[in-house]
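**Q** Provided herewith is a single structure, encoded as structure tokens, for subsequent inquiry.
Read the figures in this text as sums done on the coordinates, not as results from a lab. Everything numeric here is computed off the predicted structure, so don't read it as measured data. Here Cβ is always computed from backbone atoms with ideal geometry, including for glycine, and neighbour counts include all displayed protein chains.
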Amino acid sequence: MLAMDYRGPYRVRAVQKPEPEIEHPDDCIVQVTRSCICGSDLHLYHGFVPDTRVGSTFGHEFIGIVVEVGLNVQKLKVGDHVIVPFNISCGKCAFCKQELYGNCHESNPEATAVGGIFGYSHTAGGFLGGQAEYVRVPYADVGPTVIPPEMDPENAVLLTDVVPTAYQACEMGGIVSRDTVVIFGAGPIGIMAAKCAWLFGAGRVIVIDNVDYRLEFVKNYAPCEAYNFDEMNDVVEFVKKATDWFGADVCIDAVGCEANGDAWQSLTGKILLLQSGSATALHWAINSVKKGGIVSIVGVYGPTGNLVPIGNVVNKGITIRANQASVKRNLPKLIEHVMEGRLNPKEIITHRIPLEHVSDAYRIFSDKLDNCIKTVLIPPSSNY
Ligand SMILES: NC(=O)c1ccc[n+]([C@@H]2O[C@H](COP(=O)([O-])OP(=O)(O)OC[C@H]3O[C@@H](n4cnc5c(N)ncnc54)[C@H](O)[C@@H]3O)[C@@H](O)[C@H]2O)c1
Ligand SMILES: [Zn+2]
Ligand SMILES: [Zn+2]
């Protein structure tokens, strides 16, 4: 089968690989019909995630058709079209029982923090991902969810990660009626978080990035206010000034460890690797939120950051909430939002690229060429 193959930082290609097989009676095999490239894949592509092995296949956002089921699988049958959440969860451990599906205790023997994730290095379990024609899906009765027949597949594929993550970012932010919400990052996650913030009753939504075409997009799509941090003397002062010097009620970090905008953070975090990435957006979020406010982090970070203003968290009485999204938990509600037209996620898709051209697809998304926001890959065997 054709699959994406990682050869080292900034080098990916499409190659022939063996088709996956059922390895455990709880597995199923899914023939991928659509997969996406995520901002999280860029951390892998740029060489920021430890133990990303040459020869691995990325891709944690995919939908497809069940083509084979293991002996124990009860809920799925061959021919079902399924949304596959990016988290791999056993459904039975103490954390899955609390619906912390992103923190499953069984699916990732390599770590005690995050559970298994498709195509996300050996630190997330070493599973092969969905930027391929076929994928082995463990715990098939837990994650995969049948796509309602009337749902557009492009909306369905964005329910594997983007929408649940953005929605959970707002949920963790505890947004209540009329809150001012400031979102750092206007990538797919920040854009969708701006959209979801209104569903929670936000009174004002402000997005900050420095890529003009993305700011323009979110201004129309969410719709919301959007500002370029390159045009500000001081980002924190800008937010304070915009909020009567109180600060935002809620700040969302939808940027993560490769943030730009602060030379010292970038030097120590991205060049000298003295901390695991640059904590610029997190720093801005902590300092821009009001006293007693909430900072919600969905941007991905490595384990340690030195330049995080932890004293301000204490002295301002800030609550920090963070996690990988637990996709399965909110999926039924989000399917409803999409089916009833309150969310139309496919509008953020700007590029549809055959899997054969995966190398170009990564370069376009990574370099923000051609006004790229979200890229969908189409495997050669997909017939829609
Ligand atoms: N927690 C989860 O479950 C989860 C799920 C999906 C993605 N993520 C993470 O969310 C983050 C965003 O994902 P994405 O797909 O939108 O990625 P993306 O790379 O497309 O978007 C990131 C955006 O942040 C902007 N940016 C850079 N520095 C900034 C700064 N200092 N302030 C404001 N904006 C800044 C970039 O210009 C870019 O537009 C990534 O870290 C990704 O790994 C987490
Ligand atoms: Zn993703
Ligand atoms: Zn579990």
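**Q** Would you pull out the residues with amide H under 5 Å of GLU258's amide H, same chain only if 5 or more places away, H placed 1.01 Å from N?
**A** The answer is SER278.
**Q** Something else about it: Mind checking Rg over Rh on the chain, alpha carbons, Kirkwood formula for Rh? Walk me through the intermediate numbers first.
**A** On the way: Rg = 19.9 Å, Rh = 20.8 Å.
Result for the chain is an Rg/Rh of 0.95.
**Q** Let me ask another. Using θ = phi - 60° and the Karplus curve 6.51 cos²θ - 1.76 cosθ + 1.60, what whole-Hz ³J(HN,Hα) does each residue of the stretch 108-119 get, with Gly and Pro shown as x?
**A** 9, x, 7, 8, 9, 9, 7, x, x, 9, 4, x
**Q** In a GNM of the chain with a 10 Å cut-off on Cα contacts, which of TYR167, TYR134, TYR301 has the highest mean-square fluctuation?
**A** TYR301
**Q** Something else about it: For the ranges 155-163, 78-86, 315-323, what's the packing order if you count other beta-carbon atoms within 10 Å of each residue, average per peptide, and put the highest first? Write out the running numbers ahead of the final one.
**A** On the way: 155-163: 27.1, 78-86: 21.8, 315-323: 15.2.
Output ranking for 155-163, 78-86, 315-323: 155-163, 78-86, 315-323.
**Q** Can you give me the long-range amide H partners of ILE252? Hydrogens built in the peptide plane at 1.01 Å from N, cutoff under 5 Å, separation of 5 or more residues or another chain.
**A** Hits under the 5 Å cutoff: VAL182, ILE183, PHE184, SER296.
**Q** Given springs between every Cα pair under 10 Å in a Gaussian network model of the chain, which of MET192, MET232, MET172 has the largest fluctuation?
**A** Ranking MET192, MET232, MET172 by mean-square fluctuation puts MET232 first.
**Q** Can I ask one more? Please tell me which of these pairs span more than 24 angstrom C-alpha to C-alpha: LYS97/LYS333; LYS195/LYS316; LYS219/LYS374; LYS240/LYS316?
**A** LYS195/LYS316
**Q** Stretched out fully, how many nm does the piece from SER381 to ARG204 gain, at 0.36 nm a residue minus the Cα gap? Each step should come with its number before you reach the end.
**A** Numbers: separation 177, 0.36 × 177 = 63.72 nm, distance 4.46 nm.
Result: 59.3 nm gained on full extension.
**Q** Using θ = phi - 60° and the Karplus relation 6.51 cos²θ - 1.76 cosθ + 1.60, list the HN-Hα couplings for the stretch 310-321 in order, rounded to whole Hz, with x at every Gly or Pro.
**A** Couplings: 5, x, 5, 4, 5, 6, 8, x, 7, 9, 10, 10 Hz.
**Q** Can you give the local net charge around ASN103? Use residues other than it whose beta-carbon is closer than 14 angstrom to its beta-carbon, Lys and Arg +1, Asp and Glu -1.
**A** +2
**Q** Sticking with this structure for a sec: Given the Cα-Cα distance of MET232 and HIS122 and 0.36 nm per residue of separation, how much length would full extension add, in nm?
**A** Details: separation 110, 0.36 × 110 = 39.60 nm, distance 3.97 nm.
Gain on extension, MET232 to HIS122, equals 35.6 nm.
**Q** Still on this structure, I have one more. May I ask you to evaluate 6.51 cos²θ - 1.76 cosθ + 1.60, the Karplus curve with θ = phi - 60°, for each residue of the stretch 343-353 and list the ³J(HN,Hα) values in order in whole Hz, giving x for glycine and proline?
**A** Each residue's phi maps through the Karplus curve to give 10, 10, x, 4, 5, 7, 6, 10, 9, 10, 10 Hz.
**Q** Where the only charges are on Cβ atoms (+1 Lys, Arg; -1 Asp, Glu), what is the dipole of the stretch 162-322 about its Cα centre, to the nearest 20 debye?
**A** 420 debye
**Q** Here's a follow-up. To the nearest 20 debye, what is the magnitude of the charge dipole of the chain about its Cα centre, counting +1 on the Cβ of each Lys and Arg and -1 on the Cβ of each Asp and Glu?
**A** In debye, rounded to 20, the chain gives about 620.
**Q** What is the distance in Å between the Cα centres of the stretch 113-169 and the stretch 292-369?
**A** The distance from the Cα centre of the stretch 113-169 to that of the stretch 292-369 comes to 14 Å.
**Q** So, one more: Amide H to amide H, which residues 5 or more places from ARG11 or on other chains are under 5 Å from it, using H placed in the peptide plane?
**A** So ARG11 has HN proximity to no qualifying residue.
**Q** Note the per residue figure in Å³ for the convex hull of the C-alpha positions in the stretch 162-322.
**A** Output value, Cα hull per residue: 98 Å³.
**Q** Among GLY311, GLY125, GLY70, which one moves the most in a GNM of the chain with springs linking Cα atoms closer than 10 Å?
**A** Looking only at GLY311, GLY125, GLY70, the largest GNM fluctuation is found for GLY311.
**Q** Here's another thing I want to ask about it. Between LYS219 and LEU272, how high is the FRET efficiency from 1/(1 + (r/R0)^6) when r is the Cβ-Cβ distance and R₀ = 41 Å? Nearest 0.05. List each step's numbers first, then the result.
**A** Numbers: r = 36 Å, r/R0 = 0.88.
So, using R0 = 41 Å, E works out to roughly 0.70.
**Q** Another question, then. Suppose R0 equals 35 Å; then what is the FRET efficiency for ALA111 and ASN312 from their Cβ-Cβ distance, rounded to the nearest 0.05?
**A** 0.75
**Q** Calculate how many DSSP beta bridges within the chain are antiparallel, expressed in % of all such bridges and rounded to the nearest 5.
**A** Taking every DSSP beta bridge within the chain, about 50 percent pair in antiparallel fashion.
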